[in-house]
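Accompanying notes for the structure given below.
Please treat every number below as a calculation from the coordinates, not as lab data. All of these numbers come straight from a predicted model, not from anything done at the bench. Every residue, glycine as well, gets a Cβ built from its backbone with ideal geometry; the counts of neighbours run over all protein chains shown.
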Amino acid sequence: MDNLGLAAPEMFLLCAICLILVGDLFVTEARKPLAYGLSQIALLVTLILTWWISPETGAVTAFGGSFIMDQMAAVCKSWILVVSMGVFLYSRDFVNSHKITNGEYYTLALSGVLGMMIMVSSSTMLTLYLGLELLSLSLYAMVALKRTDERSAEAAMKYFVLGALASGALLYGISMIYGATGSLHFDEIAIALSASGEGSTAAMFGLAFLVVGIAFKFGAAPFHMWVPDVYEGAPTSVALYISAAPKIAAFALAIRFLVDGLETAHNSWQGMLIVLSVLSIVIGNVVALAQVSIKRMLAYSTISHVGFILLGLLSGSEQGYSAAMFYAITYSFTSLGAFGVILAMDRMGVSVNLLTDLRGLFRRSPTYACVMGILLVSMTGVPPTVGFYAKLAVLSAAVKADLTWLALIAVIFSVVGAFYYLRVIKYMFFDEPVEPQPVLAAMDVHVGLAINGAAILFFGLFPGLIMAACAAAFGL
Amino acid sequence: MPILSLIIWLTILGGLLTLFVGDQRCRMLALVISIIAFVFSLTLYFGFDNTTAQMQFVEHAAWLPSFGINYSLGVDGISAPLIILTTFINIVVVISAWEVIQDKPAMYLASFLIMTGFMVGVFAATDSILFYIFFEATLLPMFLIIGIWGGPRRVYATIKFFLYTFFGSVFMLVALIYMGSKTDSFAIQALHDLPLGSTAQTVIFFAFFIAFAVKIPMWPVHTWLPDAHVEAPTAGSAVLAAIMLKMGGYGFMRFSLPVVPDASAQLSWLVILFSLIAVVYIGFVALAQSDMKKLIAYSSISHMGFVTLGMFVIFGIMANSTEGAADGHVVMALEGAMVQMISHGFISAAMFLCVGVLYDRMHSRQIADYGGVVNTMPLFAAFMVFFAMANAGLPGTSGFVGEFMVILATFKANFWYAFLAASTLILGAAYTLWMVKRVVFGDVANENVAALTDINRREKYMLGLLAAMVLFFGLWPQPMVDMMHATIENLVQHVTTSKL
């Protein structure tokens, strides 16, 4: 009998999802918002359970070695849960005011979280695929939640078709690797590959498909086409969901496949990731310049940040992995806040689609403008915000791996990126408002956003707190 | 007592406090904070040991141990005077904003206080990444100051300012990371001692050069400065000219010269060429301006040409002199550059504040709108003429000392360099005094000028403080030179020790 308690957070979350789903059927219309409170409690308890069962050091496995709990899993899960709590907080009023059914929204979102947790903790390819599909299916359905809205339906359709294709590629890659090594377990794959040197042709063939799948889930160029359309078409609260926690999960996906399983083939996948990384940084930053829709702009900005995460990964050192992890975590936290502000503005019946809708926010609601300003500065990578340290960590990993030219490309295009972030700051701070009324959000959202902005500054002064956790996750 | 941290965090946290006390009481609070910060920084002067080139008032704390980045501060002879200058200018700036800024004064003053903290940090940091963090962080307050309180084309100017300087400094970041990965330490001292090959030195030289040349700014990457100056509010222009430009000059001295001495020697011709173009060509450009602020902005670029000339002409002096590095002119050139930076800090701030005084009354910066101001504002006219003389480098003012030292030292390197540099004595006098003639002297030009009122008590204090400093360092520059002498000699040691 294995140590089933290791999966206690996941099991609890699954039970909670079932409970909320069923419970939602029996409550009256007026009580529907109850789902929100229950979901938050479920996340909180899951978070506490995760901390409870995390091992102090080393890794523990369960379910015949297909489920693993190590330092990286603990850190990733914690942040996925914290970020998801923020997502729920910021989405609550949007979900209510846009008549999105409460029960479905929260149960789908929770099962997405469950999927991410399984991904993070998987130590076989099959478990990983299972978690990934649970996340993806939840996301497809969430994008389509406003099914009467044709943009939403179109985005969901696009996302589903492309996502299914990518899952197919991933599955094909998995089967190739299985054929070449005879195992689904990452540690056994690693042993089999290191025994055969660089690895057989079949394994390398499989690797290429794996990278395609990973790149799609990350939204890295040239597999990024779905990102802007989905961000724009999906309800804003869903776009928020997609932009935040799944980036951490995608990072874990890449680590499990490429590092836990195929680290011996590092030379092979490094080249592929370099191409993905450069394309993402270049395309993301340059195309974002031309956007007028704020959600599309954030989508392209996500693509460029994914390029930076890949930059950390491809350097192939523990330092690089922990840098990429730090980047993924801080980015999801920053993106959370940015969408949070947009959602807070949306509630007043003033729809925020265009960048120009942010005009004069500073005159209307200085707090929100300042929070958004801090978040954008952090995305630009200017100190003293946490975004700077994320870039610093990733760049120094790249330089240490003798990829200084890549670091140079990255910084040059981050200057290009600075322009579109500054343009938003310009709209908010330097322009006169189109309409004078202030943004009124609920008190807890207000507090949440203030904490979110303050955290970006706080971790900008003391980045060591998260960095140490990320370094410990890779045994540094 | 951690005096440097105290200055930095007093101004930053004080700035945040200013933000919260509201628009009524913010002015007094900001003034008190800036005076306390200045008093603290004076202890840097009185407690300073002139005989050593070692870092003094050192503070050290582990900050990001996994990267080898430390929170380490310290001052030596080139950073201490700049810190005192920074806190001094901050007081003047707070006074200048007193009743002029009516739109969100708390936020305005808070931006300046926070920026002062960052700028002190730039000069005090002895860890290169910490230096970079402060260096970049100063961009944000200035971006907001120009963007929110600036003139009609403020958005264009402030984005140009931000992108130009951001673009410059990212290359420096990569260079710092590269060197840090070689030594596993980001301490500036470790970079000074790091051996580097010839190619690496050249590449790193250009990385630093782009960053600091944009900042100081040098021809041909100076174009952001006139725009930023013209659109910035008066105090913004004053800080920009007085302190921010000095961060570029400081960077050349702290990084370029000692970290890549061989590349600096090889490429000194390039810097000297750009410097001389700045002195001569930009001097002529200034002559053609019709906007007072633009004219002073170009004059700043021209004066900064002297700073870079003084720093890089030392290689020529060493090559020509029989004594090599022991030649006293080497030290003189570097000290001249430093003196020029400090003195320009006072003079350019004063010139921008003078234009600000006029602008507050007439809402015009065009020279053509003025004439005969002396008739209605005699006291102000006296101040303006005095500062103009200082800007032109009149002996007895601080503007003369630095220029003279640099020109004298340059003669040792090459007669024609010195000849071209000395042309500023004519050009500088021409553009500054011609502007003064058209604005201050002559008959009253129109009824707007006739209706002008002379400067009030606040403006008297503001300009009086600056005039006192300009005169003091013009007559007796010795305390300043004594302070930096040991450090400069040590710097020359570093520069002459090949790293190849």
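Mean residue ellipticity at 222 nm from the helices of chain B, using -39,500 (n - 2.57) per DSSP H segment of n ≥ 4 over the full residue count, to the nearest 500 deg cm²/dmol?
Working: 24 runs with 364 residues, N = 500.
Calculated mean residue ellipticity at 222 nm is -24000 deg cm²/dmol.
Please report the relative contact order for the range B:267-500, taking Cα pairs under 8 Å with a sequence separation of at least 6, and give it as a percent rounded to a whole number.
Details: 352 pairs, mean separation 64.5, N = 234.
Computed value for the range B:267-500: 28 percent relative contact order.
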- [ ] Check the straight Cα-Cα distances from A:Lys217 and name the lysines below 28 Å, setting aside those fewer than 8 residues away within the same chain.
- [x] A:Lys77, A:Lys146, A:Lys158, A:Lys247, A:Lys295, A:Lys391, A:Lys400
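With the cut-off at 1.5 for a/c, could you classify the protein assembly as shown from its C-alpha gyration tensor as rounded, prolate or oblate?
Working: a/c = 2.47, a/b = 1.67, b/c = 1.48.
Taking the square roots of the gyration eigenvalues as a ≥ b ≥ c, the protein assembly as shown is prolate.
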TODO: Count charges around B:Phe252 for me, please; just the other residues with Cβ under 15 Å from its Cβ, Lys/Arg as +1, Asp/Glu as -1.
DONE: +2
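For A:Glu56 and A:Asp444, what does the FRET efficiency come to when R0 = 35 Å and r is the distance between their Cβ atoms, rounded to the nearest 0.05? Write down the numbers at each step before the final one.
Values: r = 34 Å, r/R0 = 0.98.
Computed FRET efficiency for A:Glu56 and A:Asp444 comes out at 0.55.
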Open item on the list: From Cα pairs below 8 angstrom and at least 6 apart in sequence, can you work out the relative contact order of the range A:232-307, rounded to a whole percent?
Closed with: 29 percent
Task: Estimated inter-spin distance, B:Thr52 and A:Ile451, nm [label 7 Å along Cα→Cβ] - done: 4.8 nm
Task: For the range A:328-444: rounded, prolate or oblate by the Cα gyration tensor [a/c cutoff 1.5] - done: prolate
Open item on the list: Using only DSSP helix segments of four residues or longer, with each worth -39500 (n - 2.57), what per-residue ellipticity at 222 nm results for chain A after dividing by its residue count and rounding to 500?
Closed with: -25000 deg cm²/dmol
Task: Efficiency of FRET from Cβ geometry, B:Ala288 and B:Glu447, R₀ 35 Å, rounded to 0.05 - done: 0.80
- [ ] Using only atoms on other chains, find how many Cβ atoms lie within 10 Å of each Cβ of peptide A:224-237 and report the average.
- [x] 0
Task: Set of lysines with alpha-carbon distance to B:Lys437 below 21 Å, sequence-local pairs under 8 removed - done: B:Lys293, B:Lys294
TODO: Mind giving me the nanometre distance, one decimal, between the label points for B:Asp103 and B:Ser423, set 7 Å out from Cα along Cα→Cβ?
DONE: 4.2 nm
Open item on the list: In whole Hz and in residue order, list the ³J(HN,Hα) couplings for the range B:478-494 that follow from phi through the Karplus curve 6.51 cos²θ - 1.76 cosθ + 1.60, θ = phi - 60°; x for Gly and Pro.
Closed with: 4, x, 5, 5, 4, 4, 9, 4, 4, 5, 5, 4, 5, 4, 4, 3, 4
Task: Potential extension, A:Glu104-A:Val275 segment - 0.36 nm per residue separation minus Cα distance - done: 57.7 nm
Task: Full-stretch length increase - A:Asp402, A:Glu188 - with 0.36 nm per residue and alpha-carbon distance subtracted - done: 74.0 nm
- [ ] Enumerate the lysines that B:Lys412 could reach by cross-link, defined here as Cα to Cα under 27 Å, with residues fewer than 8 away along the same chain left out.
- [x] B:Lys246, B:Lys499
Open item on the list: If I histogram all Cα-Cα distances within the range A:4-473 using bins 10 Å wide from 0, what percent of pairs lands in each bin?
Closed with: 4, 22, 33, 27, 11, 2, 0
TODO: Let me know the mean shielding of A:381-392 by other chains, meaning the per-residue number of their Cβ atoms within 10 Å of its Cβ.
DONE: 5
- [ ] Can you figure out the FRET efficiency of B:Ala319 with A:Glu432, using R₀ = 60 Å and their beta-carbon distance, to the nearest 0.05?
- [x] 0.50
- [ ] Could you tell me which of rounded, prolate or oblate describes chain B, using a ≥ b ≥ c as the square roots of the eigenvalues of the alpha-carbon gyration tensor, with rounded for a/c under 1.5 and, failing that, prolate when a/b is larger than b/c and oblate otherwise?
- [x] oblate
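Could the peptides A:244-254, A:57-67 be put in order, highest first, of the mean number of other beta-carbon atoms found within 10 Å of their residues?
Numbers: A:244-254: 26.2, A:57-67: 15.1.
Highest mean packing first, the order is A:244-254, A:57-67.
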